[in-house]
Amino acid sequence: MSVFKKYLVKIFALLLVFTLAECNYNQSNGRLVGSDGVRDLKHIIEDGVLVAVTDINTTNYFIYQGTPMGYQFDLLQEFALHIGVKLEIIAENDLEKAFEMLKEGRVDVFANNLTITSERVQKYSFTVPHSTTKQVLVQRKISESERIDNALQLAKKIVYVQKSSASAHRLKNLSNEIGAEIHVVEMPNYEADELIELVANGEIDYTVCDEDVARVNSFYYGNIDVETSVSFDQNLAWAVSTKSTDLLMALNEWLEEFTKTAEYSIIKGKYYNNPYWAKRVFSESFRVKTGNISPWDDGFRFASSTIDWDWRLFASLVYQESRFKHNVQSHMGAYGLMQFMPATAEFFGINHIADPQTQIRAGAQYLKWLEKRFEDSVTDPEQRVKFILAAYNAGLGHVIDARNLAAKHGKNPNVWDNNVDFFILNKSNPEYYCDTTVKYGSLRGEETYNYVNQIMQRFKHYQNIIPD
């Protein structure tokens, strides 16, 4: 080998080492990070996933009639779409724990109504504001003589607040400002919504929280007063690691533009300025707090136990099929909660007038029947669930075709992600459905591909919000 060739080989080797060193996988969670342990925008884009932490309440992130939604959730979805990645949410209502997740690199963004304090800014980077608010006192409506209408009147009063919140920080400063002690009780396991409920029910006298949240609650609780301010206007932002400089820049550029749009105004108005919507959401949220997703949850729990499924996964499937409507019928003739086609329903011994519980039990039987077709070859439980869901939507034959195509093209026929899913997605392409291995013809595979993804994503949200 010539000296020149040897030199080129060395250069190539060095470049390869540099490239491999540039991005590594975090051993604890399998997420892509830089060689210095920092996860920034390029790693998020290469991974294809933005991981965010937020809290569960009736404005930020919640389930309404089976669908995940919320102010922070909607904003995160929009940003993830903007940078071309999927969104993964971790729910954590303890602010200290959420900040710890950010510090340890378990999440990319802490998305919440965070005030920027001198203590926090030493540890984290904050985005430009996504909104503004102020801290207000929540008290029951009482006579004018007893009502607190000035922060000075909080001296010697007991005020309950969320632990480590901006409200707790503000009250401690206020106590110093007025030269009199305010007895601040920080509640580690309570959200602002829950503390307001305690005020409304007469279990505590006072809490302090963001004005936006207080006003939304006042639409539902007619007996609370939220008119007394205890702070000036405050900017609310998201937090990222101090080392994620490119992510911070991208977030800032996006927030500065997006918060000027009509779309942002609609999102903000929907969750904070709509009394009718708030009443509906609060009514639904109380049911969700008891661990329910739909009127049929007992049936989901029982049926799931017979096939060793998580009942929330079963519920996500049913929502996808029928939005939990037990008497709905599609233009194709599918009907009921499980949207059985007539032939499938007949096979499992039910008809269009079957009661909801019978529909659910038959649905579980069908899922078990499908599982038996994959249990010997697809050994990974999560991958097997995705095959079952695809077969439920498209039919077993189309999934068999896609597996055969995967094997023929050097992919793993026993793995859905990045293997068989590609051939389902492309089964409307003549290049694939005209292949000699295909027995069941073409398929609008995008529908099935999205069907699987949407059920699995919704399942993760149900896991976040609904107790097992």
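Pairs meeting the criteria (first residue in region 385-413 and crowded, with 17+ Cβ neighbours inside 10 Å, second residue of a type in the set (D, E, K, R), beta carbons under 6 Å, at least 6 apart or on different chains) are Ile388/Glu371; Pro413/Arg403. For region 434-456, filtering for residues that are without any contact (Cβ under 8 Å) to a residue 24 or more places away in the chain and not hydrophobic (A, V, I, L, M, F, W, C) leaves 7. Ser145 falls short of the stated requirement of being within 26 Å of Tyr61 (Cα to Cα), hydroxyl-bearing (Ser, Thr, Tyr) and part of a loop (DSSP other than H, G, I, E, B).
Residue check: is Arg301 touching a helix residue (DSSP H, G or I) at 6+ places or on another chain (Cβ under 6 Å), over 30 Å from Asp40 (Cα atoms) and surrounded by 13 or more Cβ atoms within 10 Å (Cβ to Cβ)? It is true that Arg301 is touching a helix residue (DSSP H, G or I) at 6+ places or on another chain (Cβ under 6 Å), over 30 Å from Asp40 (Cα atoms) and surrounded by 13 or more Cβ atoms within 10 Å (Cβ to Cβ). If you go through region 317-335 and keep only what is modelled with pLDDT under 90 and touching a Ser or Thr at 6+ places or on another chain (Cβ under 8 Å), you end up with just Val328. Checking Ala111, Ala98 one by one, the residue that is touching a residue at least 24 places away in the same chain (Cβ under 8 Å), assigned to a helix (DSSP H, G or I), not assigned by TED's automatic domain parsing to the domain that holds Lys163 and not acidic (Asp, Glu) is Ala98 and no other.
Does Ser167 meet the test of being of a type in the set (Gly, Ala, Ser), in the same structural domain as Gly34 (by TED's automatic domain parsing) and surrounded by 15 or more Cβ atoms within 10 Å (Cβ to Cβ)? Answer is no for this residue. Checking Phe374, Phe459 one by one, the residue that is surrounded by 16 or more Cβ atoms within 10 Å (Cβ to Cβ) and in contact (Cβ under 8 Å) with a residue 40 or more places away in the chain is Phe459 and no other.
Those residues that are within 30 Å of Ala345 (Cβ to Cβ) and without any contact (Cβ under 8 Å) to a residue 24 or more places away in the chain, I need them from region 414-432; list them, please. Listed by number, the residues that qualify are Phe423, Ser428. One residue is enough: does region 177-198 have a residue meeting the conditions on the phi > 0 side of the Ramachandran plot, of a type in the set (Gly, Ala, Ser) and surrounded by fewer than 22 Cβ atoms within 10 Å (Cβ to Cβ)? The answer is yes, given that some residue of region 177-198 is on the phi > 0 side of the Ramachandran plot, of a type in the set (Gly, Ala, Ser) and surrounded by fewer than 22 Cβ atoms within 10 Å (Cβ to Cβ).
The values are calculated or read from the model by the stated rules, or taken from the named source; none is laboratory data. Keep in mind that this is a model prediction, so the values were computed, not measured. No Cβ is skipped: glycine too gets one built from the backbone with ideal geometry, and neighbour counts run over all protein chains shown.
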